[in-house]
Amino acid sequence: MKNSNSQNLRLGIFVIVGIIIFITAVYFIGNRQNLFGNNSVIVSVFKDVNGLQRGNNVRFAGVNVGTVQSITIVNDTSIAVNMRIDQRTMDLIRKNSLATISSDGLVGSMIINLLPGEKADVAPVPVSSGDTIKSISKIATADMLTTLNTTNENAALLTADLLKITNSINKGEGTLGALIKDEEMAVNIKESIKDLRKATGEVSIMVNNLNKITTQVNFKESVAGVLLSDTTAAKQIEGIISNLEISALEIGVMTSNLQQVSFDLKNGEGTLDYLLNDAGAVDKLDATLQNIEEATKKFDENMKALQHNILFRGYFKRQAKLQAEEEKNKEQE
C-alpha cells in the first residue's frame, strides 16, 4: 500500500514538472514568435521572396521586432507578405520605411529587414496596423555566386589571353615582341632617339638665335619696326604692290603688242614693214619731203609779198603791234 502511494506521488510530481516545462517552452516559443502580447500587422509586396517562410524574423535596425505571419501570392509578379510587429516598436517604424529580404548570414534563414526611408522636409508619420510599406530588392546570395562564377570564367579567359600574349612576346612575335627581343631594332630606336635629341638641341639653338635677333631689332626707328608697327607704311606698301600688279598687266599687254608687231614685220604686213623693207617707198618719202620744203619756201615768199601789199600792210602792222604788247606784258609779269 505504501509502495503504490509513493509511486503515485512520484508520477504526480513528474506530470506537474512536465506540464511546467511544456508551459514554459510554449511561452518562450510564443514570445519569440510574437504570439503573445499586443501585436500589429503591416504588409509589404515583393516580386520574389527568395525562400522566405512563415515564422522568419523581421528586424528593424538589427533588432528582432516581429515575425512573418503569412505569405500570399497576389499574381505572377506580386507576393504580399504580412508581418506581425510588436506594438512597442510600431512608433519607430515610419510610413516611408523600406522592406527588403536578405539572409541571416551566408547560409542562414531568410529574414526581412526594415530600413528607414529617405529624409523628408516634414517628419513622416509612424505606421499603423494594416499599412503597406514599400519594398526594395537586394542581390541574393545565389545571384552573387552566379556573378562571381561569371567573373571567374571571364578572369580565366583573360588569364589565358594574357598567357598567349606573353608567350608571343617571349618568342619575339608581333611589334611588341620585336621591340623587346630584336636587339638591332633596339639599337635603331636608340640612334633615332639620339638624332631626335640632337635635332631638338639644334632647334633650341635656332630659337635662341631668333630671340637674340628679335631683341636686337629697334622696333621704333628701324625699317623692320616701321614695317611691323606703322599702319601708314603698311598701306603704302600695299599701294606699291597694287601698282606693281597694274604695271605688270600693262607690261604684259605691251609685250603682246610688240609680239604682234614683230609677227607683222616677219610676215611683211603693216606700214612699218612697208617703210623698212620697200626701197621705192623711201625714195617717194624723200621726194614728198622735198616738195613740202619747196612749198614752205614759196609760202614764206608769198607771205612776205602780202606783208608789203598795200591792202594787207595795215593788218600785219596791227598783228606785230599786238604781239609786241603781249611780250611786254609777259616781261612785266
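Bear in mind that the values in this text are calculations on the coordinates, not laboratory data. The structure displayed is predicted, hence computed values, not measured ones. Counting neighbours? That spans all protein chains shown, and the Cβs are built from the backbone with ideal geometry, glycine included.
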### Task
Enumerate the calculated ³J(HN,Hα) couplings along the stretch 289-297 in order (Karplus 6.51 cos²θ - 1.76 cosθ + 1.60, θ = phi - 60°), each rounded to whole Hz, writing x wherever the residue is Gly or Pro.
5, 5, 5, 5, 5, 5, 5, 5, 4
### Query
If r is the Cβ-Cβ distance from Glu327 to Gln290 and R0 is 45 Å, what FRET efficiency results, to the nearest 0.05?
0.80
### Query
Based on the Cβ-Cβ distance of Thr72 and Thr147, what FRET efficiency does E = 1/(1 + (r/R0)^6) give at R0 = 35 Å, to the nearest 0.05?
0.70
### Simple Cβ-charge dipole of the stretch 61-132, Lys/Arg +1 and Asp/Glu -1, about Cα centre, in debye nearest 20
120
### Task
Within 10 Å, count the other beta carbons around each residue, average over each peptide in 41-49, 284-292, and list them highest first.
41-49, 284-292
### Query
Cross-link list Lys164/Lys194; Lys304/Lys328; Lys298/Lys328; Lys47/Lys119: which exceed 29 angstrom alpha carbon to alpha carbon?
Lys164/Lys194; Lys298/Lys328
